[in-house]
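The values are calculated or read from the model by the stated rules, or taken from the named source; none is laboratory data. Computed from a predicted model, the values in this text were never measured in an experiment. Cβ coordinates were reconstructed from backbone atoms using ideal geometry, including for glycine residues, and neighbour counts include every protein chain displayed. When the accessible area is computed, the model is the full protein with side chains, heavy atoms only, and any ligands, DNA or RNA have been set aside. Shrake-Rupley method; radii C 1.70, N 1.55, O 1.52, S 1.80 Å.
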Amino acid sequence: MVEVKLRGDGGNVSQATIEMERKRLGLDKPLVAQFADWMVGLATLDLGKSMWTDRPVLEEIMIRLELSLQVAIMATIIAVLIAIPLGTTAALFRDTWLDYVVRIVTIGGLSIPSFWFGMLIMLTLLSLFNWLPPITFTPIYVDPVANLKQLIWPAMAVGYRYCAVVSRMIRSSLLEVLSEDYVRTARAKGVYERLVISRHALRNALLPAITVIGLEFTFLIGGLVVTEQVFNLNGIGMLFVQSVSRNDFTLIQGMVMLIAAFYVFINLVVDLLYAVFDPASGTTDP
């Protein structure tokens, strides 16, 4: 690993320098001792230092995490607010022109890469408003207006695909739920159609969609490499590419652990939301 770092560009580095660097990184210890040191560091949130900048890995990650996390949250909000009405409309008006329009919109979202849609947004903003993305990132607590102007467009570019995935899931789930016996029973009892859809059908149909929303949200944390480049965003995805190109193995290891931790955390949140949205969780046996 040290030789790849020091001799990666064809540099002539002495063996003594390599051994010195191995000792500094603790790579001269047995593998068991290295793993024990790494586990202790993981428990104390000490992920080591970057092999490129010599700064703590956690510090390098936290600098970029704020931007990527905000884009992911904004894209999720946009996707959910659009996907639920679209999916519900398509299911309630199945095989009508409304359903076909929603299908076309969602298929387009699944077919068009987010970075390409982002380039279309960029070209449109440039040609109509002469707008280019800022060079530096402005946190929302410093200037909310400037922050939203910078991040709303990548969030929309990513949210389009996100919305397409969720709306198709809601449509298929709602169609399945509408054929269930308890929905027909509620209609037979004279319950208003609006209440049948909102309280009985849609609440159950949202359960599979919650899983998809959670998985897509986790993907956005580190999977927006090209989209970040299009909008000049220095997020986690860009950091991942840079660390790979620089053979910064400690930073790569730290980001992999971060994404794995996000997957575990989001799965836990999804399980908790299941208990909230599942109507059966609020009932008890007599």
Legend entry - Spin-label pair Ile104/Ala33, simplified geometry with 7 Å Cα→Cβ offset, distance in nm: 6.9
Inset, instruction - Give the carbon-plus-sulfur fraction of the accessible surface of region 75-193 in %, rounded to a whole number; probe 1.4 Å, heavy atoms of protein chains only. - result: 70
Legend entry - Accessible surface, the chain, averaged per residue in Å² (probe 1.4 Å): 57
Inset, instruction - Work out, in µm²/s and without decimals, the Stokes-Einstein translational diffusion coefficient of region 18-168 at 10 °C, 1.306 mPa s, Rh from Kirkwood over C-alpha pairs. - result: 83
Inset, instruction - Would you mind checking which residues have amide H under 5 Å from Lys49's amide H? H placed 1.01 Å from N; only 5 or more apart, or other chain. - result: Val57
Inset, instruction - Just check region 99-205 against the gyration tensor rule for me: Cα atoms, a ≥ b ≥ c as the square roots of the eigenvalues, rounded for a/c under 1.5, and otherwise prolate or oblate depending on whether a/b exceeds b/c. - result: prolate
Inset, instruction - In a Gaussian network model over the chain where Cα atoms closer than 10 Å are linked, find which of Arg246, Arg161, Arg184 has the largest mean-square fluctuation. - result: Arg184
Inset, instruction - Counting residues in the chain as N, plug N into 2.2 N^0.38 Å and put the Cα Rg over that result. - result: 1.29
Legend entry - the chain: calculated mean residue ellipticity at 222 nm from DSSP helix runs of at least 4, using -39500 (n - 2.57): -24000 deg cm²/dmol
Inset, instruction - Have a look at Val191, Met169, Trp97 and report the one farthest towards the positive end of the charge dipole of region 92-205, computed about the Cα centre with Cβ charges (Lys/Arg +1, Asp/Glu -1). - result: Val191
Legend entry - Rounded tilt (10° steps) of 202-222 against the dominant C-alpha axis of the chain: 20
Legend entry - Label-point gap, in nm, between Ser172 and Asn232 - each point 7 angstrom along Cα→Cβ: 4.1
Legend entry - Positive minus negative residues near Phe115 (Lys, Arg vs Asp, Glu; Cβ under 13 Å): 0
Legend entry - Difference of contour (0.36 nm per residue) and Cα-Cα distance, Glu180 to Thr124: 15.6 nm
Legend entry - Cβ-based net charge around Val101, under 13 Å, with every Lys or Arg adding one and every Asp or Glu removing one: +1
Inset, instruction - For the chain, build the charge dipole from Cβ charges (+1 Lys, Arg; -1 Asp, Glu) around the Cα centre, then report which of Ala155, Leu202, Val145 sits farthest towards its positive end. - result: Leu202
Inset, instruction - Please calculate the 1.4 Å probe accessible area of Ser172, with all protein chains present, and give it to the nearest 10 Å². - result: 60
